[in-house]
Every structure is written in C-alpha cells, then in structure tokens.
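A.B. asks: Have a look at this one before I ask anything.
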Amino acid sequence: MRRTDPARPACEPLSDRRRAALVDELRRAYLAAGLPWPGRVWWVPSPLVGDLGARTAAATVQRSHEMRTASAASRRQRTAAALRRGAGRVLLAGRTVGVTMVVYAVFWAVGATTVAVCVEDAQREGFVIFCTMLGGLLGGASGLSQLGHDRMVRADTVARAAHDRAVAEIDATGRRVRAALLDVGSPRSAAVEDLIGDGLRSMALGTSRTRQRRVDDLVRRMTGVSEPVTVPSTRVTANLTRPRTGDDIWWWAHPEFVIVTEPPAEVHVETTGGGCRPHRPDGPAVRWRDGLRLYFWHGTHVPAGLIEPGWTVEEIHRHHNSEVRRAAIERMGWLTYIERAGLRLIASAPDPGNPPHRLHLYEDPQRRLGRAHVLVMTNGSPADIGHPLLYAETVPGHIDDPVEAAAWQYDCPADVYRALQRRT
Amino acid sequence: MHTYASALALSAVAVPAHLDADVTVPILSGPQAQGDLMIIPVTAGSLPYPRLEPLPSAGIRVVHGEATGNTHWLHAGFESPDVRWASDLDGVRLGYLLVPDAQSALLVHTGEHGANGIAPCTYAIHRKREHAVLVEHAPFTIVAPRLVED
C-alpha cells in the first residue's frame, strides 16, 4: 500500500514554499534553543549523503577551529593568525563548503546507489569511505589523491579524534534544536519514520566479504591506496538518522550549518491496527531520488536480494540474522520452503475442531532449523482467496505428534486440544 | 441467538464474504479456537474472582494483531449482564472469563475468523506462540517462543 498524506503526498518533491517553511521551522528551532542561526542550509538527496556530508563538514569545521587555536600559541603565530583571522573565517566557510561539495561530487559521481550497495548491511564500511575522504582532506593531500602510508596512519588518528569531537558537536546541537522543535510542537512521532531510521542504521551493522571487497575497491579508486583507512567505531554510526521535522525528512544540526534531506520518492507501508510500518513484497519499500533504497518485510529491514529477486534456500540458510532468515522464508512461503529445503514429514493427524483438514509435522533432516519442527495447518476460516489457506509455524523439536505440537502452541494440554469443538 | 451479522455488528464489523450472515453462531462450552486465540475451559477455582469485572457494552479488546490490524473482541451475549473478565497476562494467557448460567459471551474477530459463542462455564483465553528463532551469529539456534498474531 502506498502511503498518502492528506497534507502533502509523501513522495512528491518539496515545493519551494514547503522548503522555505521547513527552513524557517529549523531557524525558529535554533533561535528557540538559544543558538544563532547558521544561515547555511544544504539540501542533500538522501540521508546517506546527509550523514556523510554532515560528518565530513563537521569534522572539517572542528579541525579548522583547532588549527586556529594552535596557531595562537606563539606571538609570531598569533600575529600571523590575526592577519589571517579575517580571511580565516572566509576560509573556514569556504573549506566547509568545499568539503561538502567534494562529498556531494563523490556521491554524484559514483551514485548513491553504488555507495548504498557498498554500505548496505555495513555502516562500518560506509564509514571507511567517509574516513578515507576525511583522512585525505585532513592529511593535507590535495583532493583525494595518493596518500603515503605514514600520512594515512596519521590521517586515521586525526580523523578518529576530529570525528568524535565533531560528531559530539552535531549531537549536542541536534539535541538542543530538537528539544526546541519539540517545544514548538513541530515534529510528529511516526513509527514508520522510526523503522526507516532503524533500517538506515542497520544498513551498517552486518558485513559480507563481497561488500567489503566492493568498499575496498571503491576506496582504492578514490584514494589510490591499497588499504582503506578504517575507524571501527560504533558510536559514529549511532546517529545516522538525525531528528527530523516530519515529512520523511532527516536533518543534521550543527552550529555552522544545517543539512536537510529531500524526501524519499517512494514509501510503501502496510497498515496495522495501531499505525503502519514499511513493507513491500516486490521492491524497495523506501526509495530516495538519488537511488538509495531500503527494503522492508513487515517492518523488518532486509537485504535487497531477499526481496529482489528473493533468496534461494541456500542463501536463506547462509544469513546470520534469524529475523532476516524468517522474513526470507516467509517471503518464499513456508510451504515452498518445506519443499525446497527438503523437510521430511514426521507425522499427520486429523485437525481437532477443523474437519476435514489434517495437521502435518515436518523436520529438517539436516538440522538447519536447529531443534525446531514445522507444523503445517489449515486456516479454520476460508480465506478470501477461495480455497483453504495452508500455513506453517515452528514448534519445539522434541514434539513428534502434530496434535501435541498444536496444543503446545496454545500452551494447553493435548487432551484439551483433542476435544476442540470448533475452530474458526 | 446471535447470527454472524448480529455478532459482528457488536464490533462494527461487516460479515466477511465467506460467512453466511444469517447463520447462527453456535454457543459452545468446550474448547474453541479462533485463529490465534483459544478458549480453554478451566476449573472455577482457578479464576481470580476479586479482579473479575463486567464487560463494558463496547466489549473488551482481548488482543490486537499489529501485523494485520485485526482485533479479537470479547462481548457479552444477549441478556448476559453478568459475564465477567479479568485480564491476567502470564505467558500465553490473556485472562479469565466467567459466563454465568443462562448467559453467554461472544468472541468476535474483525478479520476472517468471524465469531465464536461461549456457553456458561469458566475459561481461560490463551494466545498462540511459535518456537522462535531469534539468535544472531548462531544459525538457527532456538532460544525463546514468540507470540503469534492474526
């Protein structure tokens, strides 16, 4: 189901008027938080670009501040600093803009899709890209050219420290502005946005050799060095999604700039009783215009291949995460899974209260389901598909009797379950 | 006697296409299942009597399926003012139901499961669980049950 918002269709580009209103909302939030409005707003095509752009720009600002502070240590340097002060501010602004422009340029050049593929399931890998870029810039290399090993190591150290401080500044500013925004009642709480945020974050948590290779290749192309600079920090990825103003817009607050994302081009959700959650069985549930895509199965963020084209049984068993495996099996359908995975029928029995249907209990001879068995049942009420709906659920592996397995599901004695009078 | 039409109307639900609106909902005193809920007769002594409360006229939302948006509602039947319910969450148990003599209760599903009539007796209502697979980095290690919703 495609979500529609009466106030503004969620997936349309922002109008100039809405854009101006959003900026004004942020400006008022800054002022309400007692912070000067930086007056510098960058619009980025997706949260991925926003995240990397914000970190890079913040770290560069931080580094510039430190350089200016250090230069005041000696009189000569203070004099020089005084001479440069005026220009320094310009330089700072220019440098920040420049860094961000570089980030944008890289993203536009390689395409956010490429980057997303690289960092999907691996925030750490995404951060490798960022740090490599940042390391190159902070290390004094011109653009993203060759880095020597020593310089790379130094850049790595500098990048770690500068980044942590810079992110702290984004965090602190974000907290204040967000609090002010809450005071003026602008944001709306929305489970979908939270889940999308979780999805963005979880893009980074897993890893695979293929993706690691892709990231390494990309980093090599960008830097010309054989080994990427790595910063194995989880903290830096903890705030991939920043507080947002609603409308599926993510933004990053910093004393010297604000980065705001364009809204996604598509958001697909399913309705639930209490609200809705991202879900799409045949494509990305969320897509931004620069190509960044997130896939969700009933609210669970899943790798793209699980949905398009769908995993094989072998791919399902290979994945480390059980929720994702379950989503993949559900996407395939338990009955199809039972057949393709070669599960073995242990026993069948009449389904109490649900004639003429039977219960079927399966096991996996290869133990890929651990000590679980799979119980196949028939829905007590005909579905609107016109024929009885078969479905399957997992039960403990020590149960070999289908009726006992069904009774276990409701935690009732098997004898009581056998006396079931009616199932609807 | 309630028909599907009158029973489902209690929860403002239209009768699904696969059900005949005029068919009487059977009132049964044995165990019944409605999708992922089961009505299980229990001994009268197991009910927490001080906490039993009359069902409001709007009914009680026994469980709500976040995934599907459907709800199982518990209503008092015709001329059944003394039907009582106590929420008592413990494992899969949702609560206890008391249906006095000559009265009845109805469990109504807003999805495809229709309605179940409940005769005088004392019951526990349980929901369904699944043997879940919830562990990361340890393929298919089974650790905990998961509740099921329909």
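A.B. asks: What ³J(HN,Hα) values, in whole Hz, does the Karplus curve 6.51 cos²θ - 1.76 cosθ + 1.60 give for region A:316-321 when θ = phi - 60°, with x put for Gly and Pro?
C.D. replies: The phi angles translate into 4, 5, 6, 6, 7, 9 Hz.
A.B. asks: Amide H of B:His2 versus every other amide H placed in the peptide plane: which residues, excluding those fewer than 5 positions away on the same chain, fall under 5 Å?
C.D. replies: Sorted by chain and number, the residues that satisfy this are B:Val25.
A.B. asks: Here's a follow-up. Just to be sure I understand: if you take the accessible area of chain A alone plus chain B alone and subtract the pair, with a 1.4 Å probe, what total do you get in Å², rounded to 100?
C.D. replies: Result for this pair: about 3500 Å² buried.
A.B. asks: Sticking with this structure for a sec: Return the long-range amide H neighbours of A:Leu389 (sequence gap of 5 or more, or a different chain), with a cut-off of under 5 Å between placed amide H atoms.
C.D. replies: Correct list: A:Asn379, A:Ala383.
A.B. asks: To continue, here is another question. Tally Lys/Arg at +1 and Asp/Glu at -1 over every other residue whose Cβ is under 12 Å from the Cβ of B:Gly114; what's the total?
C.D. replies: Result for the neighbourhood of B:Gly114: 0.
A.B. asks: Next question, about the same structure. Taking amide H positions as placed 1.01 Å from N in the peptide plane, with prolines and chain starts having none, which residues 5 or more places from A:Val302, or on another chain, fall under 5 Å of its amide H?
C.D. replies: The list, which skips near neighbours in sequence, is A:Tyr295, A:Phe296, A:Trp297.
A.B. asks: Averaged over its residues, how many other protein chain Cβ atoms are within 10 Å of peptide B:37-43's Cβ atoms?
C.D. replies: 4
A.B. asks: Can you pull the mean other chain C-beta count within 10 Å for peptide A:369-382?
C.D. replies: 4
A.B. asks: Further question: Across region A:368-377, in residue order, what do the Karplus-derived ³J(HN,Hα) couplings come to in whole Hz, using 6.51 cos²θ - 1.76 cosθ + 1.60 with θ = phi - 60° and x for Gly and Pro?
C.D. replies: Once rounded to whole Hz, the list reads 6, 9, x, 9, 9, 10, 10, 9, 9, 10.
A.B. asks: Just the ratio, please: alpha-carbon radius of gyration of region B:35-116 over 2.2 N^0.38 Å, N its number of residues.
C.D. replies: Cα-based Rg divided by the globular estimate yields 1.07.
The values are calculated or read from the model by the stated rules, or taken from the named source; none is laboratory data. If you're wondering where the values come from, they're calculated on a predicted model, not measured in any experiment. Every residue, glycine as well, gets a Cβ built from its backbone with ideal geometry; the counts of neighbours run over all protein chains shown. The accessibility values were calculated without ligands, DNA or RNA, using every heavy atom of the protein model including side chains. Shrake-Rupley method; radii C 1.70, N 1.55, O 1.52, S 1.80 Å.
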